[in-house]
Amino acid sequence: MVGLEFEQELWKKGFEFVAGIDEAGRGPLAGPVVAAAVVFPQGVWIDGVDDSKKLSASQRERLLEVIVQKAVAIGIGTVSNLVIDEVNIFQATMRAMAEAVSRLCPVPQHLLIDGPHFRGGAVPYTAIKGGDAKCFSIAAASIVAKVTRDRLMVEFDKAFPQYGFAKHKGYGTREHREAIRRHGPCTLHRRSFRLLKTVTPTSDE
């Protein structure tokens, strides 16, 4: 259950600016990985904030508006599919998280990271496995990252409507896989991902 226990412990220790960090888009076959970092004033609580995967698109959009209004700072980091192919998805995710943190002002004094790993910068951090379902700031960051990435994929759909990015956001749905087999990958696809390594367009393309 999402709560403020992690933040409260740090606030009591004198860390005024505590940032929650999460990402969206590690698993898709196309598009960037996006990370978000969010800092709230001490004691702030927003009803409904939860792991973004548990929320509907309309709930995430509504909550994003409130998060933006109440946050002290929000940072976004985006790493393209080209870089993902170059360095692998894990390294790309670490870069996106580090970029998100670097865009925060004021500079955070402690980070709360979703998952067991973080690389990037000298700010002290606490890694929390499943943090997006436990920690308020991380859950808020998961919402920001998810909505930001979804909006990017909707825009990409305008350039590549044959793949249905607006619907599945680049994830490997049956519809998406069939579109890749029919049309071949586009410039947004992650060529290093297993499905993309062997795909060639079908003969009726």
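None of the figures in this text is laboratory data; all of them are computed from the coordinates on show. Values in this document were obtained by computation on a predicted structure and should not be read as measured data. Glycine gets a Cβ as well: all are built from the backbone with ideal geometry, and neighbour counts include every protein chain shown.
Under 18 Å of direct C-alpha separation, and excluding same-chain neighbours fewer than eight residues apart, LYS158 reaches these aspartates and glutamates: ASP150, GLU175. Ranked by the mean number of other Cβ atoms within 10 Å of their residues, highest first, the peptides 63-69, 89-95 fall in the order 89-95, 63-69.
Here r is the Cβ-Cβ distance between GLN59 and ALA122 and R0 is 35 Å; the resulting FRET efficiency, rounded to 0.05, is 0.45. Looking at the chain, the pairs of alpha carbons with a distance over 30 Å make up 24% of the total. Taking 0.36 nm per residue of separation and subtracting the Cα-Cα distance, full extension of the segment from VAL66 to LEU4 would add 20.6 nm.
What per residue convex hull volume, in Å³, comes out for segment 87-205 when only alpha-carbon positions are used?
Dividing the Cα hull volume of segment 87-205 by its residues yields 127 Å³.
One Cα centroid belongs to segment 78-127, the other to segment 1-63; the line between them spans 14 Å. Taking each residue as 0.36 nm, the span from LYS13 to ARG26 lengthens on full extension beyond its C-alpha to C-alpha distance by 1.3 nm.
Would you mind checking the pairs LYS13/LYS146; LYS13/LYS134; LYS70/LYS129; LYS12/LYS146 and listing those with alpha carbons more than 28 angstrom apart?
LYS13/LYS146; LYS12/LYS146
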